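Step one of this worksheet: look at the structure below.
The values are calculated or read from the model by the stated rules, or taken from the named source; none is laboratory data. What you see is a predicted model; the values in this text were computed from it and never measured. FYI the Cβ positions are ideal-geometry reconstructions off the backbone, even for glycines, and counts take in every protein chain you see.
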């Protein structure tokens, strides 16, 4: 890490280690920073708050709160993991969840499944714990369970130095080296104190500051990026800015991946908080609008499907199946039969009925262990890349 790149920063300082093989590392200053008023992000803050109020209201008015939460969490999981170069997408995740007896084509799909479990765990655990080091460590343990990084002390903050840079780089030529363990143990409690302080900054600005600070501290050996982005959602929910995890901000970060990393690094190197906050608030605005549009389309689609299921000769579990498709748009008859404790025949009749109504399509071409996909639902909640993969199955 070149200390000359950080000499003009007011956000922290570079220090040379006293180890046998000295290297430079960066320690961020405690939050909050001194930020000059920027009217661009003041206006953006107002717009973002308006959009989030609308999203909060939409979440409150959902006829079944669980109806859309699952696909939104999975979309966030796929996008956050893709930033870390995970190859699996929503298609593989839905296939994996539909039939876990089949070996996934891309092994790292389990990382996405873990992200889903970690977020759902964190949201449930917040009923008992505030956003804190304890909660974050518990979530990290779920995230890293049985996947890459499973040997890197899941659930425990690091006890060795880590660094960020191109593949194969060392401490000497890394782009960024976070605080060593001794100083990291001071930095993280400072961050936790800020989270629970009566800070003067608006909540969204606090979220932007906390995300940067978490990334700068890099408290875990692996999984920091995903935990840092998940932390944004948990903070927004804890402060009741959103009522449900309906904001998939990682899609914005992934779409502007290079800019995302550049802004975070520029805070460390130049103390450029304004550009990072502006970028963050733009993401809130864009993804709030997208989430609202997605909710509207999915609810309209649900009404359309329910109308097609009206009549006296409709199989008994059809309506249950319709709602289930909005959380899991790829299904297995045998798996649903076990989950619902219904006969295989009852579930198969409901599936056949929706196939006749062009709501479901058999996607495997097999005679046994078949999977059925709701294409219209996928067209709303999945990216173009993911849709192309599923259609080619």
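In the stretch 114-127, the residue that is surrounded by the fewest Cβ atoms within 10 Å (Cβ to Cβ) out of those that are under 12 Å from residue 142 (Cβ atoms) and free of Cβ contacts under 8 Å to residues at least 24 places away in the same chain is 124. Evaluating residue 298 against the criteria (1) in the same structural domain as residue 89 (by TED's automatic domain parsing); (2) in contact (Cβ under 8 Å) with a residue 24 or more places away in the chain leaves one unmet condition, (1).
Each row is one residue, and each column tells you yes or no for (1) in contact (Cβ under 8 Å) with a residue 60 or more places away in the chain; (2) within 24 Å of residue 51 (Cα to Cα); (3) in contact with a helix residue (DSSP H, G or I) (Cβ under 7 Å, 6 or more places away or on another chain); (4) surrounded by 15 or more Cβ atoms within 10 Å (Cβ to Cβ).
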site: 163; (1), (2), (3), (4): yes, no, no, yes
site: 178; (1), (2), (3), (4): yes, no, yes, yes
site: 182; (1), (2), (3), (4): no, no, no, no
site: 200; (1), (2), (3), (4): yes, yes, no, no
site: 203; (1), (2), (3), (4): no, yes, no, yes
site: 211; (1), (2), (3), (4): yes, yes, yes, yes
site: 214; (1), (2), (3), (4): no, no, yes, yes
site: 239; (1), (2), (3), (4): no, yes, yes, no
site: 260; (1), (2), (3), (4): yes, yes, yes, yes
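Look through the stretch 39-71, keep the residues that are within 16 Å of the chain's Cα centre (by Cα) and crowded, with 22+ Cβ neighbours inside 10 Å, and return whichever of them is modelled with the highest pLDDT. So the residue we want is 71.
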